[in-house]
Amino acid sequence: VLAYWLALALVVAVTGGIYWLLRNRLGLALAAVRDNVDAAQSVGVDTGRLRWAVFLIAAAATGLIGALIFLQTARISPGAAFAVTDWTANVIFIVVIGGIGTIEGPILGVLVFFALRSALADYGSWYLMTLGLIAVVVMLFAPKGLWGLIASRKGLHLFPVRRRLTGPKIEGGI
């Protein structure tokens, strides 16, 4: 039971941290480095230091997640740690159906994945084929994932991280 509460605390902390990161100057610098390293350097972004910080933060989060997985399974082995069937394929499915590029997408993907896993667990290999079929359908008809589909139709953004240009209104302007 402790592992579940720790996992929930980690999810809340990581989600809040990502939201905070994307809403401040560091997130803007990361977007600049992602888009064009030379342009980011030309406006004063220390790209080497920024990359080092990102790798350090990602390594710390990955270590915490690994520790939680160990608490849940109570064993560590190379087969369990690097098995494609354990979590890698599931995480890819979660991101594909939820949507890449938003905070809400993977959250929705996790909810859909675990709902499908609970509903289809008794069907054996049909479960995996159904997950694959759903992933293909979502990729074909909703390339931005289910959250992208919801956001475009409803205009709903739970974690708005997009930057908007603001300034004084210009009277008589365009």
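Applying the condition of being in the same structural domain as Ile100 (by TED's automatic domain parsing) and among the small types (Gly, Ala, Ser) to the stretch 143-174 and asking which residue is modelled with the lowest pLDDT yields Gly155. Considering only residues in the stretch 114-127 that are more than 22 Å from the chain's Cα centre (by Cα) and surrounded by 12 or more Cβ atoms within 10 Å (Cβ to Cβ), the one that is modelled with the highest pLDDT turns out to be Leu120. Look at the stretch 90-101: where a residue is aliphatic (A, V, I, L, M) and a partner is assigned to a loop (DSSP other than H, G, I, E, B) and surrounded by 14 or more Cβ atoms within 10 Å (Cβ to Cβ), sitting 6+ places away or on another chain with Cβ atoms under 9 Å, you get Ile97/Ala142; Ile100/Lys144. Evaluating Leu50 against the criteria (1) surrounded by 15 or more Cβ atoms within 10 Å (Cβ to Cβ); (2) under 27 Å from Gly145 (Cα atoms) leaves one unmet condition, (2). Here is the figure for the stretch 55-81: residues that are outside any helix (DSSP H, G or I) and among the small types (Gly, Ala, Ser) total 2.
Any residue at all in the stretch 89-104 that's of a type in the set (D, E, K, R), in a helix (DSSP H, G or I) and in the same structural domain as Tyr19 (by TED's automatic domain parsing)? Taking every residue of the stretch 89-104 in turn, none turns out to be of a type in the set (D, E, K, R), in a helix (DSSP H, G or I) and in the same structural domain as Tyr19 (by TED's automatic domain parsing).
The values are calculated or read from the model by the stated rules, or taken from the named source; none is laboratory data. What you see is a predicted model, and the numbers here were worked out from it, not measured in a lab. All Cβ positions, even for glycine, are placed from backbone atoms using ideal geometry, and neighbour counts span all protein chains on display.
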